[in-house]
Every structure is written in C-alpha cells, then in structure tokens.
Amino acid sequence: MLRASLRRLWLKIHRWIGLSLGPVLALTALLGAVLVVALPIDRHAHPTLFVARSAAEAGTGMPTLPLEPLRQHLVAEFGPDTTFTLRPPRSPGETLWVYVRGPWDGTLYLDPATGAEQGRRGSHEGAYNLLFELHSSLLLEDTGKGILAFVALAYLFLLVTGVVLWWPARWPPSLRISLDRGLLRGLFDLHRTGGAVLGLLIAVSVFTGAYMAWRPLGGFISTAMGQELVKPPAVPKGSPMSARLSLDELVARAQSVFPGQPIGYVQVPARPNRPMRVRFRLADDPHPNGISSVWLHPLTGEVLAVRRWQDLDAGNGAVVVIYPLHTGVLGGPVHQAITMLLGLALGGLGLSGIWLWWRRRRAAAAARDIALSGGNRTTS
C-alpha cells in the first residue's frame, strides 16, 4: 500500500513538472536540433555574408587591412558608446565579422582584405539568428536565459522521477517497445523506455545548456569548491589619459604574448576605463573560439593580465569543455549528429508526454460520460 501511494506521488510530480515545463523543454530542444543543421544551411544560403569577395587573397587570422581606420569608421557610424568585437576569418576565404553592441545590435560582414562591407544583420534578423535567440533566451534576453536555466535544471528532477517510475522489479529490465498494440501503447513505451535509456545522455545536453545560459552557475560552483573567482582585471584608476594607441598596435602587443597563435576575438570596449581583451585559440584549448586571453589598457597598451584557459577557476573554466560539448563541436560531425538526435529525442519526450496525458484525460472523460448516461437510463 505504501509503495503504491509513493508511486502515485512520484507519478503526480513527474506529470506536473512535465506538463508545466515540458513545452519549453521540447521547444528549446527541437530548436537546438534544428540549429545543428541551420548553421551550414545559413552559410550556404547567404554567401555574400560569409565568403569574402577577395576570397583568392583572403587567408586565415587577422585581416591584412589596417584596423585603426576601421575602428574609427565604426565609431563614426555607431557612436562612441558602442562596443565592437572583431572575429577574424577562421578558414581561407571567410569574411571578417564585427559584432556591434550599442544603439544598433548586430553583425557586420567585411572583406578582410579591403574592409568593404558585404552585408549586415541585426541580432534578430534572419531565420538562423531568430532560431538562435529563441533557443538561447526565448527572445527575452537575460530574463529568458534565467528561465531556461531553471527549466533545464528542473529537467534533472524530471529525469529522477521518470527513472523511479520506470525502475523494474526484476532485472534485467525489458526494453521492449510494442508498436503493434495501437498508437497509444506504442507512444507510451517509447516515452517510458526512451526516457530511461536516453535520459542521462539528454541530461548532459540539458545541463550544459543551463550552464551556458545562466552565467552565475559557474560562480556558484567555484564558490562551493572554495575557489576564488577569476575576474577580468580593472584599468587602474588615475591612469594617464594619454593618446590612444592604434588598434593595430594594441593587437600586436597582445600577439607578442602568444606569438604565432591564432586570435579568436578582439573585444574593443567603448570606454577607456574598461580593458580591451584579445582571446587566443591556443593549440591545447578545447574551446573552438579560444578562451585564453590577454587584457590590455585600451589607451596605453599596457598588459594588465594574461590568463590561459587552465588558469581560470573551475566553475568558469569549465566552459572550455561545456561549450563544445553542448554544441557538438567537441567530437566533430559524429558528435554533432548525436547532439541533433538527442535534441529531437527530448522534444519527442516532451510532446509525447503531453499527448499521452491529453489522450488519457479524454478517455477518462468518455468513460465518465458513458457511466453517467448508463445511470440515467437505469433511473429512467
């Protein structure tokens, strides 16, 4: 009796977590699966944005054009309160990307040899950008990321309740899925067995997504481990506001710290009291964009800090592996295919759970109607 009542309790918890949070989980999971294939499709559909016109001359690494005139042009167009992040070409023939954050948020796509603009897109423009923003923040910026982190962590509890309900009395368990006993039975078996078999793999994808969506989570982990958080350096107060070094000189000073290493991003702050950051993709860095950084005074070029990815605290340094693990980049095309299939599986679990609940409610309602109609006939 006690076991039956506990099972009903677990079932109720599982059902209502799934019904309340399942649609959001299913949506984000399906969007994640679509994004795996949407990126190459987007690049193929918009060659003007991604293939440099001077492709025969364009290589990888920092562009050959002077960067300081480009910075001045960007400031003149978007204003002095705008931050810019330059993403150098990663493969021959790619364009130079400039992420703009200010009065206008979006990305410029430039020819790395000439600096000519080949196109631009706002943060929410284009099918791929819209899908990505929905997947990463539900179009609600930081609020949406917090919601997704909560939903993702709730999935872990949903997984526990599902495993408790699935746990067989005898081992080895039967993993049979009956597809010849009607749609309802087949979906129930798929939902139950699929959730038990794939649950842990899906949990890795869900947890890594929550980790990236809600940045404080890394800080909580480091604090729980007794580690001090590694924060960006501050520009010393009272620093002389001397003439600004050119962007080319600043980048060259950063490159002298990691000579010969490719640059992932150059983050140019809007204000002189914020450090400039140059991220490098070192050979032993698992992160595809590189996380090892050189921090510079944005005016004088003084090196304020140098941090390899191994120097970060555990919580924030884990992003080095968590990001490529979540996106599937860590294991190449095979891993990306598995990531897409897990996203489809999670979406299917969420939708099938809702459908099963709805069908059972309809069946229960129909049974009550039949019972009431039979009682009315007997009374009459």
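The values are calculated or read from the model by the stated rules, or taken from the named source; none is laboratory data. These numbers were taken from a predicted model, which means no experiment stands behind them. All Cβ positions, glycine included, derive from the backbone under ideal geometry; neighbour counts span all protein chains shown. Accessible surface is based on the protein model in full, side chains and every heavy atom, while ligands, DNA and RNA are left aside. Shrake-Rupley method; radii C 1.70, N 1.55, O 1.52, S 1.80 Å.
Just subtract the alpha-carbon distance of E249 and V306 from 0.36 nm times their residue separation and send over the number in nm, one decimal. Walk me through the numbers on the way to the answer.
Working: separation 57, 0.36 × 57 = 20.52 nm, distance 1.73 nm.
Length gained between E249 and V306: 18.8 nm.
Treat each spin label as a single point 7 Å out from the Cα along the C-beta direction, and report the R271 to V230 distance in nm.
2.6 nm
Divide the volume of the convex hull of the Cα atoms of segment 268-338 by its number of residues and quote the answer in cubic angstrom per residue.
That works out to 105 Å³ per residue.
What is the distance, in nm, between label points placed 7 Å from the Cα along the Cα-to-Cβ direction at V164 and at L39?
Output for this residue pair reads 3.8 nm.
Suppose the chain between H46 and T193 were pulled fully straight at 0.36 nm per residue; how much longer would it get relative to their current alpha carbon spacing?
The H46-T193 span can extend by a further 48.8 nm.
How large, in percent, is the carbon and sulfur part of the accessible surface of segment 278-380 at a probe radius of 1.4 Å? Write out the running numbers ahead of the final one.
Values: 3280 of 5270 Å².
Answer for segment 278-380 is 62 percent, counting heavy atoms of protein chains only.
Describe numerically, in nm with one decimal, the distance between label points set 7 Å from Cα along Cα→Cβ at R215 and at L200.
3.4 nm
What is the calculated FRET efficiency for T83 to W355, with r their C-beta to C-beta distance and R₀ = 45 Å, to the nearest 0.05? The partial results should precede the final answer.
Details: r = 46 Å, r/R0 = 1.02.
Between T83 and W355 the formula returns 0.45.
Using protein chains only and a probe of 1.4 angstrom, how many square angstrom of K12 are accessible, to the nearest 10?
120 Å²
Please give the per residue accessible area of the chain, computed with a probe of 1.4 Å over protein heavy atoms only, in Å².
Computed with neighbouring chains in place, this is 54 Å² per residue.
Ignoring ligands, DNA and RNA, what percent of the accessible area of segment 233-274 is carbon or sulfur (1.4 Å)?
Carbon and sulfur atoms account for 53 percent of the accessible area of segment 233-274.
On the protein heavy atoms, probe 1.4 angstrom, tell me the percent of accessible surface of segment 138-197 carried by carbon and sulfur.
Solvent-exposed carbon and sulfur of segment 138-197 make up 65 percent of the total.
Just to be sure I understand the curve: with the Debye formula and one point per C-alpha of segment 120-216, what is log10 I(q)/I(0) at q = 0.19, 0.21 Å⁻¹?
-0.92, -1.00
At what distance in angstrom do the alpha carbon centres of segment 243-287 and segment 166-197 lie from each other?
One Cα centre to the other: 54 Å.
Using the beta-carbon distance between I370 and L184 and R0 = 25 Å, what value does 1/(1 + (r/R0)^6) give for FRET efficiency, to the nearest 0.05? Intermediate results must be reported in sequence, preceding the final value.
Details: r = 18 Å, r/R0 = 0.72.
Once the sixth-power term is evaluated, E becomes 0.85.
Give the long-range amide H neighbours of A305: residues separated by 5 or more places, or on another chain, with amide H under 5 Å away, using H modelled in the peptide plane at 1.01 Å from N.
Under 5 Å from the amide H of A305: W295.
So I have (1) 26.4, 99; (2) 19.6, 65; (3) 24.7, 85, and one of them is Rg and Dmax of the Cα atoms in Å calculated from this model. Which one is it?
(1)
Can you list the residues, at least 5 places off or on another chain, whose amide H is less than 5 Å from the amide H of Y265, using H built in the peptide plane?
R279
Give me the number: length gained by fully extending I13 to A314, i.e. 0.36 nm times residue separation minus the C-alpha to C-alpha distance, one decimal in nm.
The I13-A314 span can extend by a further 105.0 nm.
Would you mind checking which residues have amide H under 5 Å from Q118's amide H? H placed 1.01 Å from N; only 5 or more apart, or other chain.
Here Y109, L110, D111 satisfy the definition.
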